[in-house]
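A quick write-up on the structure given underneath.
Just so you know, all these numbers are worked out from the coordinates, no wet-lab data involved. Computed from a predicted structure; not experimentally measured. Note that we place each Cβ from the backbone using ideal geometry, even for glycine, and neighbour counts take in every protein chain shown.
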Amino acid sequence: MLHPLIRSRRPVARVILTASLLAAAVPLACRSTAAVAADMPTKIAAASPPPYQWTGCYVGLNGGGGTIGSNFNATVGPGTYLDGPNAAEVTNDGTGSHNNSAWTGGGQIGCNWQSGTVVVGLEGDFDYFHADSSFFNNTNTLPDPPGVSFTVGQDARTNYLTTVRPRIGIAADRNFAYVTGGVAFTKVNYTESYIDANAPSATGSATASQFLTGWTAGAGWEYALTDHWLFRLEYLYASFPTTSAIGAITEPGVGTNTLHGSANLVMQSARADVNFKF
C-alpha cells in the first residue's frame, strides 16, 4: 500500500517522492543494522599455544638421598693356625649383609630429541655419594678350644656415583615421563678384619681398592616450569660386580691362615633435579 503522501501526488511526483523516501530510509536502516551488530558480543576463539618442545640440551644440579648395600663373604683357607673346624666357624660367621643410607648431590648434563610425543635423550651425571656398608660379627667363639671369642668385620665404602644413560619417554605438553638405563661407575674401598681373644691375639686383614663399572636403571618425571627451567624427580638403581681381597690371619709364633673376603655393591638414589634448557 502506498504512503498517503504518495497517493495524493501526480504520477511523476509520486516517483520522485518515493525515491526520496527510499534514499532517506536506506541510511537509517544501515545505521540500525550496524548498531544491532555492534551490540552483539564478538566471539573470537583464542588460538591455543603449541605444545612444549623438549628438543634441546640442558645442564643442572641435583640432590637427594640414597642407600648402599653389600653381601659379604669370608673364607679362611688352610694354614697352621686355625684347624679345619675353627676355620669353618670363622668362614660361616664372617658372612652377612648390610645396608646404609647417605645424602647425595651433584650435577648432570644432557640432550633430548622429540618426535611427536616420543622423546629420546642421553645424559651423563656425577654425584657425591659418601656411604659405607659394614658387617661385624663379634658374638661367636671358636669350637676348639671352646670359649675363645673372635670378631670378623667387613666394610665396603664409596664416595661417588656417576652414570651415562640414554632415556626414552612420552611427552604431554610440559610433562615428560621416562625410563632410563645405562652404565654406572664408582670406586670401592673394601676391608676385612679378624681378631680373637687368644693370648697373644691373632689378627688378620684383607684389603682392596677398585674402580668398578656396573649397570644402572631407573625412571623419572620432568616438568617444564618455563621454556628454559625444568624440574625433575628421578629414581636410579645401580649394581656393581664383586670386589675381592686376600690377606692372612697370623698369631705370632704359632702360625697363619689365608683370609679371603669379598663384597658386592648396590646403590640406590632418589633425587630432585633442576635443569636449565638452552
Quickly work out the residue 48-to-residue 258 label distance, labels modelled 7 Å from Cα along the C-beta direction, and quote it in nm with one decimal. 7.1 nm
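Determine the dipole magnitude for the range 158-261: charges of +1 sit on the beta-carbon of Lys and Arg, -1 on that of Asp and Glu, nothing else is charged, the reference point is the Cα centre, and the result goes in debye to the nearest 20. If you can, show how the numbers build up before the last one.
Details: 5 positive and 7 negative charges, 63 e Å.
Magnitude of the dipole: close to 300 debye.
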Please give the length that would be gained between residue 122 and residue 172 if that part of the chain were fully extended, namely 0.36 nm times their separation in residues minus their C-alpha to C-alpha distance (nm, one decimal). 16.1 nm
Residues of the range 193-217 with amide N under 17 Å of a point placed 7 Å along Cα→Cβ from residue 83: 198
For labels at residue 138 and residue 233 in the simple 7 Å Cα→Cβ model, what's the distance in nm? 4.1 nm
Simple spin-label estimate for residue 225/residue 278, 7 Å along Cα→Cβ, in nm, reads 2.1 nm
More than 21 angstrom separation, counting every C-alpha pair in the range 104-226; what % is that? 59 percent
Can you divide the C-alpha Rg of the range 56-277 by 2.2 N^0.38 Å and report the result to two decimal places? 1.35
Work out the charge dipole of the range 150-219 with +1 on the Cβ of Lys and Arg and -1 on the Cβ of Asp and Glu about the Cα centre, then indicate which of 170, 160, 195 is farthest towards its positive end. 170
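Where the only charges are on Cβ atoms (+1 Lys, Arg; -1 Asp, Glu), what is the dipole of the range 56-277 about its Cα centre, to the nearest 20 debye? Let's see the in-between values first.
Details: 8 positive and 17 negative charges, 161 e Å.
Dipole of the range 56-277, to the nearest 20 debye: 780 debye.
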